[in-house]
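K.L.:
To start, I am sharing the structure in question, which I have written as structure tokens.
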Amino acid sequence: MSSTTIHLSKATFTISAPDIRRLPEDSGIEVAFAGRSNAGKSSALNTLTNQKGLARISKTPGRTQLINVFEIGDNKRLIDLPGYGFAKVPLEMKKKWQKALGEYLEKRESLKGLVVLMDIRHPLKDLDMDLIQWAADSDLPVLALLTKSDKLSQGKRSAEVLKVKKALAPLNADIKVQAFSSLKRTGEEQANSIICDWFLEEPEE
Ligand SMILES: Nc1nc2c(ncn2[C@@H]2O[C@H](COP(=O)(O)OP(=O)(O)O)[C@@H](O)[C@H]2O)c(=O)[nH]1
Ligand SMILES: [Mg+2]
């Protein structure tokens with residue numbers, strides 16, 4: 001048993017990599033954040049690390065095309081993956097960073113958990129489902145974070161969480177669903193605890 005406590009607030013920016021070859025050595029544990037552009041990924045990273053400027057909150061959707069790495073110490077890293085699904089971007093650019101995203105997901109050995117961020121008002125779009133299905137097939141645990149939950153009433157919020165849980169249940173995988181608001185800090189504790197558990201998992205033989 002490890003007695004270490006993980007503090008996401010220790011995260012410091014390490015590098016922005018255009019492809020996986022430019023990433024730190026593939027050892028230790030990484031937890032990656034992925035989602036459609038504008039899903040609230042940068043805001044969630046800032047909230048969870050308690051650092052306002054950690055992931056620059058992009059005003060122009062689709063500009064965060066790089067793999068951003070944040071060290072939290074002890075060979076553990078948070079990974080901010082390029083946002084996907086933004087239409088108003090030249091196809092060549094899109095292909096390039098979608099390739100970086102795909103390569104990261106397929107090849108990165110230290111990836112131990114995937115946070116998929118979706119706007120609670122529009123969850124489970126095709127690309128989100130592709131990603132979650134892929135993680136399920138790869139035995140990678142998933143936290144589906146339903147962002148901007150402050151935009152819905154309590155009743156609608158619970159209904160949406162239930163709907164997403166039901167939709168994902170047939171995958172029979174390690175998938176947790178949590179409503180989240182960076183604005184109100186809703187779901188922060190739960191998300192933090194799931195992510196820290198991933199960081200504390202014993203390495204496999
Ligand atoms: N109301 C509300 N707006 C949010 C929340 N999180 C993000 N946003 C807004 O959604 C937009 C996209 O957020 P951002 O974090 O840049 O998304 P990213 O493209 O996924 O990194 C910004 O205008 C944010 O202010 C939230 O919890 N509540
Ligand atoms: Mg962003």
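K.L.:
Counting only Cα atoms, I'd like the Rg/Rh figure for the range 113-182, Kirkwood definition for Rh.
P.N.:
Dividing the radius of gyration by the Kirkwood radius yields 0.95.
K.L.:
Give the carbon-plus-sulfur fraction of the accessible surface of the chain in %, rounded to a whole number; probe 1.4 Å, heavy atoms of protein chains only.
P.N.:
For the chain, the apolar C and S fraction of the accessible surface comes to 50 percent.
K.L.:
How long are the semi-axes of the equivalent ellipsoid of the range 8-200, defined as square roots of 5 times the Cα gyration tensor eigenvalues? Whole Å, largest first.
P.N.:
23, 19, 18
K.L.:
Mind checking the per residue accessible area of the range 41-161 for me, 1.4 Å probe, whole number of Å²?
P.N.:
48
K.L.:
Of Glu189, Glu92, Glu103, which has the largest mean-square fluctuation in a 10 Å C-alpha GNM of the chain?
P.N.:
The residue that fluctuates most here is Glu92.
K.L.:
Set the Förster distance to 30 Å, then compute FRET efficiency between Ser9 and Lys176 from the Cβ-Cβ distance, nearest 0.05.
P.N.:
It comes to 0.85.
K.L.:
Relative contact order for the range 8-200: what percent, with Cα pairs under 8 Å and sequence separation of 6 or more?
P.N.:
Relative contact order for the range 8-200 comes out at 24 percent.
K.L.:
In the range 110-130, which residues have a backbone nitrogen under 13 Å from the label point lying 7 Å from Gln190's Cα in the Cα-to-Cβ direction?
P.N.:
No residue qualifies, since no backbone N sits under 13 Å from the label point.
K.L.:
Report, in whole Å, the centroid distance computed from the Cα atoms of the range 1-51 and the range 145-170.
P.N.:
If we compute the Cα centre of each part, the gap is 24 Å.
K.L.:
Now for a separate question. Rounded to whole Å and ordered largest first, report the semi-axes of the equivalent ellipsoid of the range 1-54 derived from its Cα gyration tensor (root of 5λ).
P.N.:
Value: 20, 19, 11 Å, ordered largest first.
The values are calculated or read from the model by the stated rules, or taken from the named source; none is laboratory data. Computed from a predicted model, the values in this text were never measured in an experiment. Positions of Cβ are backbone-derived with ideal geometry, glycine not excepted, and every protein chain shown enters the neighbour counts. Accessible surface is based on the protein model in full, side chains and every heavy atom, while ligands, DNA and RNA are left aside. Shrake-Rupley method; radii C 1.70, N 1.55, O 1.52, S 1.80 Å.
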